[in-house]
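I have placed the structure first, in the form of structure tokens, so that the comments after it can refer back to it.
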Amino acid sequence: MNKNKYVEIFAREAEEHLQLLRQGLLAMEKEGAGADQMNQLLRSAHTLKGSARMVDLLEISNVAHRMEDLLKDLQGGAREVTPAVIDLLLVATDAIEALLAQASAGGTLGVNVAPILEALQVGALPEQSVS
């Protein structure tokens with residue numbers, strides 16, 4: 001089995017979902033979260049999660065999974081849609097994009113996703129410390 005071929009197919013699909021996520025999040029920031037908008041974001045995160053797992057890109061899958069969990073919390077009202085949460089979801093989208101670029105280039109995945117996973121779980125980016 002040519003794993004690289006499947007990563008290439010995944011990459012093309014993932015780029016579309018990343019674009020939908022980014023556009024949807026920016027629209028949500030400006031206009032608020034509508035039900036259709038939220039469902040589209042959830043579908044994209046869910047598809048990225050499953051497709052990444054199928055091609056053994058577990059870091060991408062894990063980030064997408066945590067994004068999906070946070071989006072479900074927003075949808076259900078367990079968390080509030082705030083500019084900080086939108087920023088966090090955009091950072092996670094950027095991280096998936098960076099991981100995807102590395103996987104597509106055949107390199108080792110060098111993005112440290114642990115802080116992003118933790119931030120998605122708590123629903124906020126860590127405060128930046130001033131040195």
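The values are calculated or read from the model by the stated rules, or taken from the named source; none is laboratory data. If you're wondering where the values come from, they're calculated on a predicted model, not measured in any experiment. So basically every Cβ, Gly included, is an ideal-geometry build from the backbone, and we count neighbours across all protein chains shown. Ligands, DNA and RNA are excluded from the accessible area calculation, which covers all protein heavy atoms including side chains. Shrake-Rupley method; radii C 1.70, N 1.55, O 1.52, S 1.80 Å.
When you look at E13, is it in contact with a Ser or Thr (Cβ under 9 Å, 6 or more places away or on another chain), touching a residue at least 60 places away in the same chain (Cβ under 8 Å) and surrounded by fewer than 17 Cβ atoms within 10 Å (Cβ to Cβ), yes or no?
no
Run down V63, V55 and say which single residue is of a type outside the set (K, R), more than 15 Å from the chain's Cα centre (by Cα) and open to solvent by less than 30 Å² (accessible area, probe 1.4 Å).
V55
Output the residues belonging to the range 52-77 that are outside any helix (DSSP H, G or I) and on the phi < 0 side of the Ramachandran plot.
Passing the criteria: V55, L57.
Does V122 satisfy the condition of being β-branched (V, I, T), at pLDDT 90 or above, over 18 Å from E29 (Cβ atoms) and open to solvent by 60 Å² or more (accessible area, probe 1.4 Å)?
The answer is yes for V122.
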